[in-house]
Amino acid sequence: MLSFKDTVRERRSIRDFLSTPVPEAIIRDVLEDAQRSPSNCNTQPWNIHVVSGAKRLALAEALHEASEAERYTPDFFWDEAAFQGRYGERRREHGKLYYESMGVQREDKEGRRKASARNFLFFNAPHVALLFMPVIGDNVRVAGDLGMYGQTFLLSLTAHGLGGVPQTVLGLFADTIRETLGIPDDLKLLFGISFGFPSGAAVESSARMWRDDVLGSVTFHD
Ligand SMILES: Cc1cc2nc3c(=O)[nH]c(=O)nc-3n(C[C@H](O)[C@H](O)[C@H](O)COP(=O)(O)O)c2cc1C
């Protein structure tokens, strides 16, 4: 069993998986862990849809079509250009590392498009968990609760020897996903997490994303 510190340090976004499905009992255990996440007033607003097998194939096909047709239907605002200042700088550095780790040159537009399209094949993961939420006020608190859930889910995957990648990109096709899975319109899609057993190549190539020094994010007052 990994220590807490090792689990946190070992977790990283995995973008290549074995096709071997994760045994149901293990998925259940990860979901039990994630269910322990904290939430505002213990409201537990996460509504999780786990997609595997034939449904996963149907969803990948629907997402491929929707992305080719650029049929974007995000439930929540998303514009990378909105990240300004040091957040914009980090986003640009991330982009460089992201494509480098997939062996794609920055100026190779078609290569970047293909690499990005792997999101819709769930990076070959045999499962994807889709994190839906109800609409409550300006949604900020509820989205925070879903973030708590997502991180517990990801850490539990790592502790179980599995890997996952959170994907906002899936949320850009919320209507397609709801229609394919028969999910009501009043549940909004924040992001998805593709997950499974990491391939050897994934572990080799996964970019070790840097973090700013703690003091770049924290101010002490006493
Ligand atoms: C809410 C959220 C959405 C994300 N969306 C995507 C995505 O759509 N596609 C992708 O490849 N990575 C996505 N990521 C992964 C980030 O790029 C990654 O977490 C970040 O670069 C730090 O790297 P690490 O997870 O390996 O530590 C997302 C991460 C979060 C937390």
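Kirkwood Rh over Cα pairs of the stretch 14-163 into Stokes-Einstein at 37 °C, 0.692 mPa s: D in µm²/s? D, rounded to a whole number, is 186 µm²/s.
Determine the relative contact order of the chain: mean sequence separation of Cα pairs under 8 Å and six or more apart, normalised by residue count, in whole percent. Kindly include the intermediate steps, with their values, before the conclusion.
Numbers: 313 pairs, mean separation 86.8, N = 222.
For the chain, the relative contact order is 39 percent.
If a spin label sat at a point 7 angstrom from the Cα of Phe4 along the line to its beta carbon, the backbone N atoms of the stretch 11-31 nearer than 17 Å would be those of 11. Full extension of the chain segment joining Asp29 with Ala58 gains 7.8 nm, where the gain is 0.36 nm per residue of separation less the Cα-Cα distance.
When only the heavy atoms of the protein chains count and the probe is 1.4 Å, how do Ile193, Ile48 rank by accessible area, highest first? Walk me through the intermediate numbers first.
Details: Ile193 0, Ile48 45 Å².
Of Ile193, Ile48, the descending order of accessible area is Ile48, Ile193.
Only protein heavy atoms count here; under a 1.4 Å probe, Tyr72 has an accessible surface of about 120 Å².
Remark: the chain carries 59 Å² of accessible area per residue (probe radius 1.4 Å; ligands, DNA and RNA excluded).
If you keep only loop residues by DSSP, which GluC sites (Glu not before Pro) in the stretch 23-102 have at most 15 other Cβ atoms within 10 Å of their Cβ?
On the way: sites: Glu24, Glu32, Glu61, Glu65, Glu68, Glu70, Glu80, Glu89, Glu93, Glu100; in loops: Glu70.
Counting only loop positions with at most 15 other Cβ atoms within 10 Å, the GluC sites (Glu not before Pro) in the stretch 23-102 are Glu70.
Within the assembled protein chains, the solvent-accessible surface assigned to Met102 is about 50 Å², based on a 1.4 Å probe.
Return the carbon/sulfur percentage of the accessible area of the stretch 1-88, one whole number, probe 1.4 Å, all protein chains in place.
Numbers: 3200 of 6110 Å².
Answer for the stretch 1-88 is 52 percent, counting heavy atoms of protein chains only.
Over every Cα atom in the stretch 148-222, the radius of gyration and the widest Cα-Cα span, Dmax, amount to 16.9, 53 Å. Applying Stokes-Einstein at 25 °C and 0.890 mPa s to the Kirkwood radius of the stretch 70-147, computed over alpha-carbon pairs, gives a translational diffusion coefficient of 159 µm² s⁻¹. For the stretch 117-191, the percent of C-alpha pairs falling in each 5 Å distance bin, counted from 0 to the bin holding the largest distance, reads 3, 14, 23, 24, 20, 11, 4, 0.
The values are calculated or read from the model by the stated rules, or taken from the named source; none is laboratory data. Bear in mind that the values here come from a model prediction, so they are computed numbers and not experimental data. Every residue, glycine among them, receives a Cβ derived from its backbone with ideal geometry; neighbour counts consider all protein chains shown. Heads up: the accessible areas ignore ligands, DNA and RNA and are worked out on the full protein's heavy atoms, side chains in. Shrake-Rupley method; radii C 1.70, N 1.55, O 1.52, S 1.80 Å.
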